[in-house]
Amino acid sequence: PNSDVSIRLLADYAKTDEQCCEAVIVRETELAPFFAANGLANDGVDQSGMTALNNLSINGGPYLNGSKQWGISGELKWDFGGAKLTYIGSYRDFDSSSTTVGGFTSNATYTVGNGAPTSRPGILPSGDHIKTMTHELRLQGTAFDDKLDWLIGGFYGDENIRADQTMTLNADFQRTGSAFNFGPFTASGPPTGFGPNPLFSFTAFGNGGIPVNANGNYAENRFLQDAKSWSIFTHNVFNITDQLSLTLGARYVKENKEASFNQLGSTTGAGNSACQASVNGVLTGAVPAPARAGLIGLNCFPFATSVNLTAPAAVGGGLASAKLPLPRVWSDTFKDDEITYTAQVGYKPNEDLLFYAGYSHGFKSG
């Protein structure tokens, strides 16, 4: 507007639509023979090795990522003569989505997000939504015949994050997991001839001889975080002589973060019944210790498991997540603050040589 005031405004917009990022499989698993024992034609990998690598040949379904973001920012500079005022403000909005099918193989194991033929009808998209706002105000000038360059300022930032993670389990999930986790145990074939192995009742062919079927099981998981940060700061350069200077700066930072996890929806039924049976077997000791982690991982895949699973009465009941690494609803508040500072001394004996030393203390909020 005039020689003392300048204003700068910026705006941007970006959109991406990616078909990315499938994986090329360079080494086949030794467990491939066990997929037939679990009722699958193969492990879903017919492209592997150096040929697949050279041709970039993949096995899975679509892997789609999209995002939209836009932002605005403004800078105001105002020269008052004895001091200069600078204000910088910004706002940014970011949205992303992801749809993944198959877990890098052609078997129908799971689907992340919505929009795929194997997604649960009506399931929420999977993606992130971030809104960020910042404000910074600085006042700077000189004093004592330009022997002191001083600056004081303040900053405020507010960031809101919503991350939705949604997953649908598909027809081959249980059998694929069984082949990877319990292939050797089920090699004699389902369901007759297996013998008394206690693991059998928890595998894809268990549940009293009825195949466990997690097809269609889903969960809609939501993670939230609201982070607010503010600080005041100063930065000062003392020109003691034409050759010697001292720099002193300090900043007080305060961070407040509120975060939570909640499950908007999930299924019960056969798949979660298998998870509940696994939980019961593990907590009561019916499952051998070496197999417990694999069993929970198979039947209680965390991204598609209900938060309402219970522990058996024999071990006190209540939510199973209190005793096992299973999804649980939570919310919490975190606060952090710190004074950061810097001190530097510089000596310039001539125009071509500078000696300096400094000490700084910083911090990163938890």
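Working note: 222 nm ellipticity from helices only, DSSP H runs with n ≥ 4, each -39,500 (n - 2.57), summed and divided by the residues of the chain, gives -3500 deg cm²/dmol to the nearest 500. Ranking R222, R292 by solvent-accessible area of protein heavy atoms (1.4 Å probe, all protein chains present), from largest to smallest, gives R292, R222.
Over every Cα atom in region 222-366, the radius of gyration and the widest Cα-Cα span, Dmax, amount to 28.0, 82 Å.
In this structure F238 has an accessible area near 80 Å², from a 1.4 Å probe over the protein heavy atoms. Remark: region 324-340, residue by residue, has Karplus-estimated 3J(HN,Hα) of 9, x, 10, x, 9, 6, 7, 8, 7, 10, 10, 10, 8, 8, 6, 9, 9 Hz, where x stands for each Gly or Pro and the curve is 6.51 cos²θ - 1.76 cosθ + 1.60 at θ = phi - 60°.
Applying 0.36 nm per residue to the separation of I161 and L85 and subtracting their alpha-carbon distance, the gain on full extension is 24.2 nm.
Charging the Cβ of each Asp and Glu at -1 and of each Lys and Arg at +1, and nothing else, the dipole of region 292-366 about its Cα centre rounds to 600 debye. Angle of helix 173-182 to the longest C-alpha principal axis of the chain, folded into 0 to 90 degrees and rounded to 10: 80°. 3J(HN,Hα) couplings calculated from phi for region 235-243 with the Karplus curve 6.51 cos²θ - 1.76 cosθ + 1.60 (θ = phi - 60°) are, in sequence order, 8, 9, 10, 9, 8, 5, 9, 5, 10 Hz; Gly and Pro show x. Per-residue surface analysis assigns H235 an accessible area of about 90 Å², computed on protein heavy atoms at 1.4 Å probe radius. Name the shape class, rounded, prolate or oblate, that the alpha-carbon gyration tensor gives for region 2-131, where a ≥ b ≥ c are the square roots of its eigenvalues, rounded holds for a/c under 1.5, and otherwise prolate holds if a/b is larger than b/c and oblate otherwise. Taking the square roots of the gyration eigenvalues as a ≥ b ≥ c, region 2-131 is prolate. A Förster radius of 22 Å, combined with the Cβ-Cβ distance separating I240 from S360, puts the computed FRET efficiency at roughly 0.60. Radius of gyration over Kirkwood radius for the chain, both on Cα atoms: the Rg/Rh ratio is 1.16. Placing dummy labels 7 Å off each Cα toward the beta-carbon, the span from W150 to R328 is 5.3 nm. Gain on full extension, evaluated as 0.36 nm per residue between I72 and A23 minus their Cα-Cα distance, stands at 14.0 nm. In a simple Cβ point-charge model (Lys, Arg +1; Asp, Glu -1; nothing else charged), the chain has a dipole of about 1080 debye relative to its Cα centre. When a/c reaches 1.5 or more, the comparison of a/b and b/c decides; with that in mind, is region 262-324 rounded, prolate or oblate per its Cα gyration tensor? Here region 262-324 falls in the oblate category. Once the Cα atoms are used to define both axes, helix 270-283 deviates from the longest principal axis of the chain by about 80 degrees. Residues S6, S229, sorted by accessible area with the largest first, give S6, S229 [1.4 Å probe; ligands and nucleic acids excluded].
With the cut-off at under 11 Å, measuring from each backbone N in region 13-43 to a point 7 Å along the Cα-to-Cβ line of L53 picks out 25-27.
With Cα atoms defining each centre, region 103-171 and region 66-102 are spaced 13 Å apart in the structure. Helix 289-299 axis versus longest C-alpha principal axis of the chain: approximately 80°, rounded to the nearest ten. The residues I123, I130, sorted by heavy-atom accessible surface at 1.4 Å with ligands and nucleic acids left out, run I130, I123 from largest to smallest. Surface exposure of the chain, expressed per residue as accessible area with a 1.4 Å probe, stands at 54 Å². Backbone phi angles across region 94-101, fed through the Karplus curve with coefficients 6.51, -1.76 and 1.60 (θ = phi - 60°), yield HN-Hα couplings of 10, 9, 9, 8, 9, 10, 10, 10 Hz in residue order; Gly and Pro are listed as x.
In this view, the solvent-accessible surface of E75, computed with a 1.4 Å probe and all protein chains in place, comes to about 50 Å².
The values are calculated or read from the model by the stated rules, or taken from the named source; none is laboratory data. These figures come from a predicted structure and were not determined experimentally. As a convention, Cβ positions derive from the backbone with ideal geometry for all residues, glycine included, and neighbour counts pool all protein chains shown. Protein only, heavy atoms only, side chains kept; ligands, DNA and RNA dropped before computing areas. Shrake-Rupley method; radii C 1.70, N 1.55, O 1.52, S 1.80 Å.
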